[in-house]
Every structure is written in structure tokens, then in C-alpha cells.
Amino acid sequence: MINPNELWVGDTLQVISTGIVGKYDSHKGSIVIIDCKGNKISADKSDIRMYTQPKQEVKIAFEDEVVLKSKIKFNDTLDLHLNILAPHMEHQEQSRILDFQIEKARQFVEDAIENNRSKILIIHGKGSGVLKSETLEMLKDFYKVRYTFDKNDGGATEIWLDI
């Protein structure tokens with residue numbers, strides 16, 4: 001059961017009994033108010049759950065690859081700064097943001113390996129170092145990561161892959 005005091009405005013919720021999906025607006029006691037495209041509905045906290053959309057595979061193109069429809073080229077760099085990667089998430093919980101950034105970094109490395117890239121760069125920023133340390137920890141999951149080097153005074157990590 002969801003504790004309404006732990007919800008953030010804008011969290012995506014689903015009413016279990018009806019399947020309706022909307023954004024958390026507020027609550028009074030055990031009644032949760034959900035905004036469904038401008039219509040406010042109320043549901044008991046025992047009848048709601050967090051809603052996560054089914055995962056969609058996102059492929060990252062690389063420098064040599066051209067997306068034919070839009071003629072856009074991508075390079076071997078991933079910037080994990082939230083204002084670049086996903087500005088719509090700036091008001092989310094820090095743990096959600098970090099999970100999202102690490103998952104995007106994981107996808108980026110997987111795509112680099114799949115596309116036989118030998119060198120990539122992940123920009124994580126200097127900050128408190130949490131994102132950097134989580135990124136380095138995630139890289140340990142890939143046996144093809146040969147070396148990692150600090151770049152930009154520690155604000156980025158260059159990764160050499162064994163291709």
C-alpha cells in the first residue's frame with residue numbers, strides 16, 4: 001500500500017480497480033487526488049499503485065551512423081547532466097534521477113559494445129561524486145571495459161573497450 005506522505009506532485013499513479021492512470025495532485029487522509037488530463041479523481045490509498053510505463057528500447061546511434069530520416073549524427077559521448085539528459089525529471093527524487101542516469105549510462109555502454117566502439121566518454125560532472133562513483137561501479141559489470149581514465153578534471157570518464 002502506498003503512503004500518500006511519500007508521494008511527490010506529478011508522480012504517475014494507477015487506480016488498481018479501474019486501471020486509470022494519472023498524476024498525483026494531493027491527498028487528504030487516506031484519499032488520494034489524481035489529475036487525469038485535467039480531471040481530478042479521488043481514490044483510497046489502498047486502491048492505487050505507482051505506475052511505470054512498459055520499457056521501450058532506446059538505441060543510441062554513434063558518430064559513424066547516420067539516422068537516415070533526420071540526418072542527425074551522434075558521437076561517442078553521453079552527457080548525464082539532468083538538464084541535458086532528461087530536463088523533465090528535475091523535480092523527481094534524487095534516487096530516481098540517479099537510477100535513470102545509471103540506466104542510460106548502461107544502455108550507452110551496451111550500445112557502444114554492440115557497435116564495436118573502442119573509446120567512449122561519459123560526462124557525469126564533478127559535483128559530490130555520487131554519480132561518478134555509481135557510474136564506475138556500473139562499468140565493473142562489463143568485462144569488455146579495459147581501462148577508465150578521468151577527463152575534464154574529474155568531470156568525465158573516458159572508457160576504453162576491448163573490441
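A few comments on the model shown:
- For the chain, taking the reciprocal of the average inverse distance between every pair of different Cα atoms yields a Kirkwood hydrodynamic radius of 18.3 Å.
- Residues Ile34, Ile97, ranked from the fewest to the most other C-beta atoms within 10 Å, line up as Ile97, Ile34.
- GNM top mover of Lys140, Lys37, Lys132 - the chain, alpha-carbon springs below 10 Å: Lys37
- Long pairs among Lys37/Lys104; Lys23/Lys104; Lys45/Lys104, criterion Cα-Cα beyond 30 Å: Lys45/Lys104
- Fluctuation leader among His27, His81, His124 - the chain, Gaussian network, Cα springs under 10 angstrom: His27
- Filtered GluC sites (Glu not before Pro), the stretch 72-163: DSSP coil and at most 12 other beta carbons within 10 Å: Glu90, Glu93
- Helical mean residue ellipticity (222 nm; -39500 (n - 2.57) per DSSP H run of 4+; nearest 500) of the chain: -6500 deg cm²/dmol
- Near-label residues of the stretch 107-136 by backbone N, under 15 Å of a point 7 Å along Cα→Cβ of Glu90: none
- Percentage relative contact order, the stretch 66-161, counting C-alpha pairs under 8 Å, at least six apart: 27
- Relative counts (whole %) of C-alpha pair distances in the stretch 66-161, using bins that are 10 Å wide: 15, 49, 29, 7
- Sequence of Asp44, Asp25 once ranked by neighbouring C-beta atoms within 10 Å, starting from the fewest: Asp44, Asp25
- Neighbour-count order for Lys151, Lys23, fewest beta carbons within 10 angstrom listed first: Lys151, Lys23
- Positive-end extreme of charge dipole, the chain - chosen from Ile113, Met1, Leu13 (charges on Cβ): Leu13
No lab work stands behind these numbers, since they all come straight from the coordinates. Remember, predicted model here, so these are calculated numbers, not experimental data. So basically every Cβ, Gly included, is an ideal-geometry build from the backbone, and we count neighbours across all protein chains shown.
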